[in-house]
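A quick write-up on the structure given underneath.
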Amino acid sequence: MRFAVLEQQAFTGGGGAASNNALLLTNAAQQKHLFEADLDQAVHLLHQALCANPYYVPAWLALAVVRSDQGQTGKSAKIIDYVHYLTRDIKRWRWDKVLVAYQLGRTRLLPTELSYIIAEIKGKPRRDALQLAFTIWPQPRELLDNIGVESIIHLFTHATAHNLPDQARYFWAVIEEQAIEYKREDLLRCIDMLMRNSEIPAAARIWRTHLSPEQLLYNGDFSAPFMQKAFGWRKALHKSVEQRVESIAANSEVQTLHLRFKGWDNISYHHLSQIVPLTGGQHYQLRALVKTDKLTTDQRPYLEVYG
């Protein structure tokens, strides 16, 4: 057990003086390599680092890069393979290994490694891995084949967040077809993104199928919170206006949006809007109840409907 603990400390860089020496020597080697172009001295320092700590992965990765720059691609490839062996089934150093493998053209490692990072490692490594995967495989089918359907939700949310409507629609079709569990908020963000990109028919189909199959005007009684996205209510804010949703009467389930103008300024205020997906060539009727009190302006509230 003591030997195993010492080995683990060495591997993670917490093994005392030897690990500290490996870190310092690796940093010095990278200075020689990147800023002085002294490849021989860089190799010498990295050999010293690996003598101090044979498990120090950053030193192995740095040595792979230097050997590649020296034209020794065979040695560089063997080093990458050895690092791949050292880091199998663990999270530490996976992203660093991916970057070096990508830099040196060792692309056969990328599907497995990027798939692992996206599925297992949260935060910045996952975001970086997704960005690299979308760069390497811009076509959504190829991307899904390499990363795997188990990470499709991550692919879907990344495409949505980065304004990629074609990829988002492809991944959503797979999610639908295979009945994969998703978060409602992720779907709303996707619909909103499609609308911003004028993909209204696609957005409307998803909305009508999964979120609002019956109501033309969504949340017409204000019983649910305003979405501020997709085909829900979008409420504007203004410092000269107080607004709140409240019951019309005690014990009433009917809600109303109450606006109170403070009277500080004469304002142009578009307070509430909703985009409604409709089928062309049909007749529709919009009904609403509006009540005003103590308005001193001649510009009364009005409804505007346009297509």
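The values are calculated or read from the model by the stated rules, or taken from the named source; none is laboratory data. For clarity, every value in this text was computed on a predicted model and none was experimentally measured. Glycine gets a Cβ as well: all are built from the backbone with ideal geometry, and neighbour counts include every protein chain shown. Remember, those area values only see protein heavy atoms, side chains included, never the ligands or the DNA or RNA. Shrake-Rupley method; radii C 1.70, N 1.55, O 1.52, S 1.80 Å.
Data for the structure
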| read-out | value |
| --- | --- |
| Qualifying residue in the range 66-77 (condition: open to solvent by less than 40 Å² (accessible area, probe 1.4 Å), in a helix (DSSP H, G or I) and β-branched (Val, Ile, Thr)) | yes |
| First in the range 139-161 and farther than 17 Å from ILE117 by Cβ and in a helix (DSSP H, G or I), second anywhere and among the basic types (Lys, Arg) and open to solvent by 60 Å² or more (accessible area, probe 1.4 Å), Cβ under 7 Å, 6 or more apart | THR160/ARG189 |
| Selection from the range 187-223 of residues that are outside any helix (DSSP H, G or I), within 30 Å of GLN255 (Cα to Cα) and either open to solvent by less than 70 Å² (accessible area, probe 1.4 Å) or touching a His at 6+ places or on another chain (Cβ under 7 Å) (or both) | LEU211, SER212, LEU217, TYR218, ASN219, GLY220, PHE222 |
| Qualifying residue in the range 134-150 (condition: in contact with a Lys or Arg (Cβ under 8 Å, 6 or more places away or on another chain) and either surrounded by fewer than 19 Cβ atoms within 10 Å (Cβ to Cβ) or over 30 Å from ARG196 (Cβ atoms) (or both)) | no |
| Evaluation of ALA22 against (1) at pLDDT 90 or above; (2) open to solvent by less than 30 Å² (accessible area, probe 1.4 Å) (one fails), failing number | (1) |
| Failed item, numbered, when ALA179 is tested on (1) small (Gly, Ala, Ser); (2) assigned to a helix (DSSP H, G or I); (3) loosely packed, with under 14 Cβ neighbours inside 10 Å | (2) |
| Close pairs from the range 120-135: first among the basic types (Lys, Arg), partner open to solvent by 20 Å² or more (accessible area, probe 1.4 Å), Cβ under 9 Å, at least 6 apart | LYS124/TRP95; ARG126/ALA119; ARG126/GLU120; ARG126/HIS154 |
| Sole exception among (1) surrounded by 10 or more Cβ atoms within 10 Å (Cβ to Cβ); (2) among the aliphatic types (A, V, I, L, M); (3) without any contact (Cβ under 8 Å) to a residue 60 or more places away in the chain for VAL276, by number | (3) |
| Of residues in the range 97-110 being within 24 Å of the chain's Cα centre (by Cα) and surrounded by fewer than 17 Cβ atoms within 10 Å (Cβ to Cβ), the one nearest to SER68 (Cα to Cα) | GLN103 |
| Selection status of ARG184, open to solvent by 40 Å² or more (accessible area, probe 1.4 Å) and touching a His at 6+ places or on another chain (Cβ under 9 Å) | yes |
| Count of residues meeting criterion [closer than 21 Å to TRP93 by Cα, hydrophobic (A, V, I, L, M, F, W, C) and open to solvent by 30 Å² or more (accessible area, probe 1.4 Å)] in the range 35-57 | 2 |
| Among (1) open to solvent by less than 60 Å² (accessible area, probe 1.4 Å); (2) closer than 14 Å to TYR116 by Cβ; (3) of a type in the set (Lys, Arg), the one test that ARG88 misses | (1) |
